[in-house]
């Protein structure tokens with residue numbers, strides 16, 4: 001079996017079959033990562049450049065580790081330490097890199113649509129590692145993999161996505177994926193952080209009351225408040241946000257069931273999650289980080305044109 005897409009630009013462009021293929025391939029790679037020797041020669045002949053125009057810790061390390069586990073040759077590019085800082089255009093930068101015979105580009109950029117632009121102009125396979133406030137497909141895939149691992153399914157699962165919905169590429173990719181795979185989705189947050197068109201456009205529920213959402217859901221996927229993307233105040237203060245939408249241990253204890261807590265990181269502790277929740281028994285945040293390597297190995301492997309039996 002092969003992916004129907006040449007690039008991984010967003011969940012919006014994937015079929016449910018593509019998503020399931022990536023998740024099932026990731027399960028096989030997670031088994032590989034439990035072995036004493038974690039490296040496999042699957043992409044020994046492939047050269048991959050990590051093209052990061054925006055700061056990143058988890059995503060970049062996760063991709064680099066996935067690439068090295070697959071035995072690919074890896075080049076790391078940071079815009080602030082390159083000719084891009086001297087005014088070189090994106091296309092010139094990539095064409096220069098491609099002249100070095102690069103097969104795949106993993107790209108993070110602050111401009112929405114930048115990976116799509118590249119995909120139209122260069123022959124290499126492109127993986128979107130986050131573009132502006134548009135999408136972050138591998139984060140949604142690792143979130144889905146973590147949920148499927150925990151519950152054994154995605155279909156029928158009730159997922160609340162809580163926080164800064166308006167500025168979150170993670171939220172958009174998660175909504176696309178979960179709805180395609182048959183999960184129910186409710187977005188939760190202040191009205192100023194939830195776009196008004198969302199419910200109808202993406203077939204999700206909108207809820208402004210945190211406790212009601214927590215009572216409804218099986219999974220609470222909590223998002224970081226992205227102050228760097230907000231060009232005007234959208235709520236009174238971080239303290240007020242924490243009082244209304246921060247998840248506390250006392251809130252979870254009042255529920256008549258157990259729910260799973262997720263977060264893509266980095267966490268603003270004491271804002272969207274209290275520390276005892278982030279580090280508590282409900283949380284699978286560290287499992288998400290671990291699963292990220294296996295999911296990115298799967299995406300790289302499949303986009304390199306490798307086939308999976310099945």
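Exactly one of (1) touching a residue at least 24 places away in the same chain (Cβ under 8 Å); (2) at negative phi is unmet by residue 35. Its number? The number of the failed condition is (1). Of the helices (runs of 4 or more DSSP H) lying entirely inside the range 152-255, those containing at least 2 residues that are modelled with pLDDT of 95 or more and farther than 20 Å from residue 12 by Cα are 210-216, 249-253. Would you call residue 52 buried (at least 19 other Cβ atoms within 10 Å of the Cβ), under 20 Å from residue 139 (Cα atoms) and touching a strand residue (DSSP E or B) at 6+ places or on another chain (Cβ under 9 Å)? The answer is yes for residue 52.
Of all residues being out of contact with any helix residue (DSSP H, G or I) (no Cβ under 8 Å at 6 or more places or on another chain) and within 17 Å of residue 216 (Cα to Cα) in the range 139-182, which is surrounded by the most Cβ atoms within 10 Å (Cβ to Cβ)? Just the residue, please. Applying the filter and picking the extreme gives 147. Residues of the range 91-108 that are farther than 30 Å from residue 31 by Cβ and touching a helix residue (DSSP H, G or I) at 6+ places or on another chain (Cβ under 7 Å): 91, 93, 94. Take the conditions (1) outside the structural domain of residue 113 (by TED's automatic domain parsing); (2) more than 28 Å from residue 133 (Cβ to Cβ); residue 6 misses just one of them, which is (2).
The values are calculated or read from the model by the stated rules, or taken from the named source; none is laboratory data. For clarity, every value in this text was computed on a predicted model and none was experimentally measured. We place every Cβ from the backbone using ideal geometry, glycine too, and count neighbours over all the protein chains shown.
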